[in-house]
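Peer 1: Just dropping this structure here.
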Ligand SMILES: Cc1cc2nc3c(=O)[nH]c(=O)nc-3n(C[C@H](O)[C@H](O)[C@H](O)COP(=O)(O)O)c2cc1C
């Protein structure tokens, strides 16, 4: 099974940490999804709310990896206003994950909302497996979820899906 980890993470933060651990633990390829225009740190909360509310899809940079080449896509997002980050909405509306195994994961800071459910609705024709919701501290960005739980999740993906 050929697997790819894709993630959005503002300024290389929490979601990136999980994505990298997942890619290292499973031997998967990894690539970061980035918006063409960066968010301004001072206005991102407000702009993010508007974008999430309006289901706005900001342009994202072309990926170097081709999703078509993979059997398994592991897709991670931070929670933005109880949903997925807008860049992930752009991605799921522009690339087909039909007939692929998709593992969704989400980081949050105490109020996870429905990011995973919202992403699931955009994964038409995919086989969804082993999703995970991971908490970080809002102020310190320290992991709140037990690291052993995360490693057990990674091992389960390896054993059950990737067989490597
Ligand atoms: C625009 C914006 C909106 C957010 N909304 C939520 C939210 O609704 N619930 C929550 O628990 N955390 C929320 N957060 C916090 C992030 O989801 C959390 O810190 C996440 O782990 C950040 O991941 P990152 O460092 O990979 O970007 C928000 C952060 C931003 C920037």
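Peer 1: Using a/c under 1.5 as the rounded threshold, could you call the chain rounded, prolate or oblate? The axes a ≥ b ≥ c are square roots of the C-alpha gyration tensor eigenvalues, and prolate needs a/b larger than b/c, oblate otherwise.
Peer 2: oblate
Peer 1: For labels at residue 47 and residue 21 in the simple 7 Å Cα→Cβ model, what's the distance in nm?
Peer 2: 3.0
Peer 1: Let me ask something else about it. How high is the relative contact order of the chain? Use alpha-carbon pairs under 8 Å, at least six apart in sequence, and give a whole percent.
Peer 2: So the answer I get is 23 percent.
Peer 1: Here's another thing I want to ask about it. Note down the nm distance, to one decimal, between modelled labels 7 Å out along Cα→Cβ at residue 1 and at residue 114.
Peer 2: So the two model labels end up 2.8 nm from each other.
Peer 1: Sticking with this one: Note the full-extension length gain between residue 65 and residue 160 as 0.36 nm times their separation in residues minus their Cα-Cα distance, in nm to one decimal.
Peer 2: Contour length minus the Cα-Cα distance gives 31.8 nm.
Peer 1: Which parts of the stretch 102-146 would a label at residue 82 reach, counting a residue when its backbone N lies under 12 Å from a point 7 Å out along Cα-to-Cβ?
Peer 2: In the stretch 102-146, the label zone of residue 82 (backbone N under 12 Å from the point 7 Å along Cα→Cβ) covers 111-115.
Peer 1: So which residue, out of 60, 147, 134, gets the largest mean-square fluctuation from a GNM of the chain using Cα contacts under 10 Å as springs?
Peer 2: 147
Peer 1: In whole Å, how far is the Cα centre of the stretch 61-140 from that of the stretch 20-42?
Peer 2: Centre-to-centre (Cα) distance: 11 Å.
Peer 1: How far apart, in nanometres, would the label points at residue 138 and residue 122 be if each is projected 7 angstrom from Cα along the Cα-to-Cβ direction?
Peer 2: 2.5
Peer 1: Find how much the distance from residue 40 to residue 151 grows on full extension, using 0.36 nm per residue of separation minus their present alpha carbon separation; answer in nm with one decimal.
Peer 2: Roughly 36.6 nm would be gained on extension.
Peer 1: List the pair-distance distribution P(r) of the stretch 46-88, using every Cα-Cα distance, as the percent of pairs falling in each 5 Å bin from 0 up to the bin containing the longest distance, rounded to whole percents.
Peer 2: Answer for the stretch 46-88: a P(r) of 5, 20, 23, 20, 15, 12, 5, 0 percent.
Peer 1: Follow-up. Explain nothing, just the number: relative contact order of the stretch 100-164, from Cα pairs under 8 Å at least 6 residues apart, as a whole percent.
Peer 2: The value is 33 percent.
Values quoted throughout were computed directly from the atomic coordinates according to the rules given, and no laboratory measurement underlies them. All values reported here derive from a predicted model rather than from experimental measurement. Every residue, glycine as well, gets a Cβ built from its backbone with ideal geometry; the counts of neighbours run over all protein chains shown.
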